[in-house]
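Down below is the structure, laid out as structure tokens.
Coordinate-derived values only; no laboratory data. Predicted, not measured: the structure shown is a model, and the values here were computed from it. Here the Cβ is made from the backbone with ideal geometry for all residues, glycine too, and neighbour counts use every protein chain on show.
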Amino acid sequence: MKFSFKDRPQNISGYGEQPFAFLEPDAHQTIGHIASIDLIENGDGAARVRWQRKQLGNLFNHAYVRSEFWRQRIPAGVAPQDALQRLPILSRKDIAMQVQQEGSLFHDKKQRKLPTYETTGSTGTPLKVFVCEQNGYYNEVRGLAQFFIDNLSLDANRVEIKPIVRSGDLRKKTEPPSTNPSWAGPLSKVYGNGSNKTLRFNNDVDGLLNELSKHPVGYLVCPSRVIEQLLDRGPDLIEKLGIKFWFHLSDYRSWDAVGRLKKIGIPSLSNYSSGETGPIAFECRTNVGYYHVAHSNVIVESDHTLTTEFDGEQVSRLMITHLHSYATPLVRYDIGDFGKLHDVCPCGHHGPTLSHIYGRGKHFLRHPDGRYVPFYLSTRLLREVVEFGECRFRQEAIDTITVQIGGRETLSSDEEERLKATILAATDPAFKVVIKPVREIDWSDNPKRLFFSSSMT
């Protein structure tokens, strides 16, 4: 979809005032990078492939020189486009070993300590990777680029609702938000831009509504389980809150919620990303469930030797190569998700496109009284309460949550009580919680290793 930089409300003082300056330097750089991202992802396919090969070669050379781990994996004397398919698949265990043995492969003399990212640990021990300052900058600019690619305005407010991530916050009500007068970074100097608000939410719907009611929401960025709770209060509430667009993130998206919003004129979009890699793919505006790969950031492959079935379709294991992962290289990374990889999108977009992505947890419990209760507990949070290797939650009876704690043959009574209290604080006291320590969890019936499932549909 073509876009224009000029067809949106501008600030009268948005242009540069120094000699030979058209825009303020940081805004000039951001707009230049947005245009470059659009060219790479939506321009000539042959030019994009050539650029990706050059970037892959840069990453290979960097890793080969600085890492014994990668010297053992990268075949010498082979062109990057041929070497990629010859590399072994990179597991979470491989990454953890490389990080522990070698640390970061990127060293910036200006920075005393290189930043890290730690996953939520949806299947066990959280994975820590090193990241560069440039990764954070790319993620910000790529997010802004999507507003141009999708022809969305910048002048609406933005509200992001995030889940609780620390055990000590489970019993708290909705906390005061963090706010900012704008959300578009350097572009807010050039274009009219709405305010930004970030909230942490822990099932306190009334407290959340009180905060959302203070100003028009505009763009709502949140998991599906949050918008579903708002929709349960009726469509009039959605209109009253001033929600113009729903950006889905994090969990399994409810198609019922998408349809209910569409009926009242509110569009929605999702994206596919991970904390380790940043953006992977953005949903097509005209074909729900199809995601255009963020070619400026990643190469996506599918491994047809490992498949499963999702929504009646056979889906393959996905492998992600992060082109800018200089601190902790992620090449042919088994991200733990499955999906279908297409050469083109039904909309006509010429480039790798994903559909039927399987991996986001369907995090709902069936309450004993019949209603559905949103469920969110990361293993990062649980490990603040008790140490373990991996865990698995199941609801196989209407009133019972069964928890397998892997890597532990026993738990003390104190550990078990703390764990039960944490789980009930995130769910409902009406449930019984059964804790089962096991030496090793049997994942044979769950190749994705989703740590939560409910058979109470």
Chain lengthening between VAL434 and GLN101 when straightened (0.36 nm per residue, less Cα-Cα): 116.1 nm
Mean Cβ count within 10 Å, highest first, over the residues of peptides 336-349, 220-233: 220-233, 336-349
Charge context of LEU241, other residues only, Cβ under 13 angstrom, K/R +1, D/E -1: +2
Extended-chain gain in nm, criterion 0.36 nm per residue less alpha-carbon gap, ASN61 and LYS6: 15.8 nm
Other-chain or far-sequence residues with amide H under 5 Å of PHE452's (modelled H): PHE393
Helix runs (DSSP H) in the chain reaching 30 Å along axis by Cα, Kyte-Doolittle at least -1.0: 45-66
Compactness index (Cα Rg / 2.2 N^0.38 Å), the chain: 1.02
For ILE441, residues with placed amide H under 5 Å, excluding near neighbours: GLY407
Estimated 222 nm signal from helices in the chain, with DSSP H stretches of n ≥ 4 weighted -39500 (n - 2.57), rounded to 500: -8500 deg cm²/dmol
Likely footprinting exposure, ASP7, ASP155, fewest C-beta neighbours within 10 Å first: ASP7, ASP155
At R0 = 45 Å, FRET efficiency that the Cβ-Cβ distance of CYS347 and MET456 yields, to 0.05: 0.75
14 Å beta-carbon shell around ASN58, net charge (K/R +1, D/E -1): +4
Cα pair distances of the range 151-284 binned at 5 Å [whole percent]: 2, 9, 19, 22, 22, 16, 8, 2, 0
Rg [Å, one decimal], Dmax [Å, integer] - the range 28-121, C-alpha atoms: 16.4, 42
Ordering of 258-266, 402-410 by packing [mean C-beta count within 10 Å, highest first]: 402-410, 258-266
Under 14 Å, Cβ to Cβ, from GLY192 - net charge with Lys/Arg +1 and Asp/Glu -1: +2
Relative contact order computed over the chain (Cα-Cα under 8 Å; 6+ residues apart), in percent: 15
Residue exposure sequence - LYS197, LYS420 - by fewest surrounding Cβ within 10 Å: LYS420, LYS197
Approximate spin-label separation PHE310-VAL385, in nm, with each point projected 7 Å along Cα-to-Cβ: 2.8
Debye log10 I(q)/I(0) at q = 0.21 Å⁻¹ for the range 364-454, Cα point scatterers: -1.07
Which of LYS162, LYS244 has the fewest Cβ neighbours within 10 Å, and the rest in rising order: LYS162, LYS244
Using a Förster distance of 35 Å, the FRET efficiency for GLN134-VAL288 (Cβ separation, nearest 0.05): 0.60
